[in-house]
Structure formats: C-alpha cells, structure tokens
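Working notes, beginning with the structure itself.
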Amino acid sequence: MDPYSQDLRDRVLRAVERGDRPTDIARRFEVSRLWVYKVKRRVERTGQRASLPIGGYRRSKLAAVEQELRSWIAAKPDLTLEELRQRLAEHGISVKAGAVWHQLDKWNLTFKKNSERQRARASRRATGAPDLA
C-alpha cells in the first residue's frame, strides 16, 4: 500500500488550518477521519508534513552477539532455542525463540542435537513382510 500523495496531505492540512471539521475534511477528500487526525497530530508534534518511509532494513538485536552465539553452540551443540534465548536474556537481550531460530537460519548456522533423530524416514525391518505359504 502506497502512502497518500504529498499534494493530498497539503490540502488536508490547509483545510485543518482553516478550521474545517475533520469529518467534513475526510468526506471531501475521501480519506478516513482517523487519518486526518493522525496527519494533524504529527504536524503538531514534530512539524513533519511528509509521509514516513515504508519498509526498510532493520538490524537484528542478535547481530552484535553473533560470535558469542556461535561460541555457545560450538561449546555445547545440544543447546535448545529456549536455552539460547535464556542466555541472551542474561546478557540483556530480550527475544523470542522464533527470532533466535530465524537469525541462526539466516546465518546458515545449524546444529543437530541427536543424529539418530535426524533421519528422513523411520527405520524398517530388514527382512520385510513374511511370505505366505
């Protein structure tokens, strides 16, 4: 979804400055009344008349402790995500287990706790089904 144009924002703000009611402004410019209040409030608080940028890169909370995470996993490869999360909490980093998994996956850092449980399929009998007479 794209932000409203700067031209529309300016027209709405001019109407607000003239003293028009937000409900009338919203009806005239076919926007929500809530949006009119939101634009007005942002101008009053920050003086910013333009829309905020959409999206963008957000640095992970775990980026600063990547080497420490790697060393924990190297020292004890059977750590669970919850145990890693708790260790991070001791260092003042509060994240959910899913965020830990996401970052480890992004770094291609995998660890298997038990090679026996990592099979693609269950083991089968070597002899197969008994023959009928």
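Some values worked out for this structure:
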item	result
Long-range neighbours under 8 Å by Cβ, at least six apart or interchain, first residue in the same structural domain as Arg33 (by TED's automatic domain parsing) and more than 13 Å from Trp35 (Cα to Cα) within region 3-16, second surrounded by 13 or more Cβ atoms within 10 Å (Cβ to Cβ) and aliphatic (A, V, I, L, M)	Ala15/Ile25
Any hit, region 71-89, residues being within 30 Å of Asp2 (Cβ to Cβ), of a type outside the set (Phe, Trp, Tyr) and surrounded by 11 or more Cβ atoms within 10 Å (Cβ to Cβ)	no
Test: residue in region 18-39 that is over 32 Å from the mean Cα position of the chain (by Cα) and exposed (fewer than 10 other Cβ atoms within 10 Å of the Cβ)	yes
Filtered residue count, region 55-81, keeping only those that are of a type in the set (Ser, Thr, Tyr) and touching a helix residue (DSSP H, G or I) at 6+ places or on another chain (Cβ under 9 Å)	2
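The values are calculated or read from the model by the stated rules, or taken from the named source; none is laboratory data. In this text the structure is predicted, and so the values were computed from the model without any measurement. Cβ: placed from backbone, ideal geometry, glycine included. Neighbour counts: every protein chain shown.
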